[in-house]
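Presented below is the structure to which this report refers.
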Amino acid sequence: MRKIKVGDDVMVITGKDKGKRGTVLRLAGEDRLVVENINLAKKHQKQNPQQGIAGGIIDKEMPIHVSNLGLYNPAKGGADRVGFKVLADGRKVRVFKSDGEVVDV
């Protein structure tokens, strides 16, 4: 079970985009994630009329290492560390380390 999954709301805790929030779009390898509007890079894209792709310079979301992200805790109003806990019914869930609140519902 991963601490940060696709669709989670995360906050950048270090790097050039520190303090920004975004949603995890997809996994990019073992320990990297692509986050919406985070770690943008300029890409010179060639035009392809057959696929309907316009040419020019575009902003592209690049992968960011999972250690530079923290799961956003709305109660705390910032990034928080994540741990695991086994509930009474046997389910393994993610919990915030600061307050013990369950992330997965």
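Filter segment 28-42 down to the residues that are assigned to a loop (DSSP other than H, G, I, E, B) and open to solvent by 90 Å² or more (accessible area, probe 1.4 Å), then identify the one that is nearest to residue 79 (Cα to Cα).
Per the stated criteria, the residue is 37.
Could you tell me whether any residue of segment 43-59 is assigned to a strand (DSSP E or B) and crowded, with 18+ Cβ neighbours inside 10 Å?
Taking every residue of segment 43-59 in turn, none turns out to be assigned to a strand (DSSP E or B) and crowded, with 18+ Cβ neighbours inside 10 Å.
Anything in segment 1-27 that is closer than 25 Å to residue 92 by Cβ, open to solvent by less than 50 Å² (accessible area, probe 1.4 Å) and outside any strand (DSSP E or B)? List them, or say none.
Selection gives 4, 8.
Residue 88 is checked against (1) under 13 Å from residue 3 (Cβ atoms); (2) loosely packed, with under 11 Cβ neighbours inside 10 Å and fails just one. What number does that condition carry?
(1)
When segment 62-78 is examined, which residues are found to be touching an Asp or Glu at 6+ places or on another chain (Cβ under 7 Å), free of Cβ contacts under 8 Å to residues at least 40 places away in the same chain and within 25 Å of residue 27 (Cβ to Cβ)?
65, 73
The values are calculated or read from the model by the stated rules, or taken from the named source; none is laboratory data. Given the structure is predicted, the values throughout are model-derived calculations rather than measurements. Backbone-built Cβ (ideal geometry, glycine too); neighbour counts: all protein chains shown. Accessible surface is based on the protein model in full, side chains and every heavy atom, while ligands, DNA and RNA are left aside. Shrake-Rupley method; radii C 1.70, N 1.55, O 1.52, S 1.80 Å.
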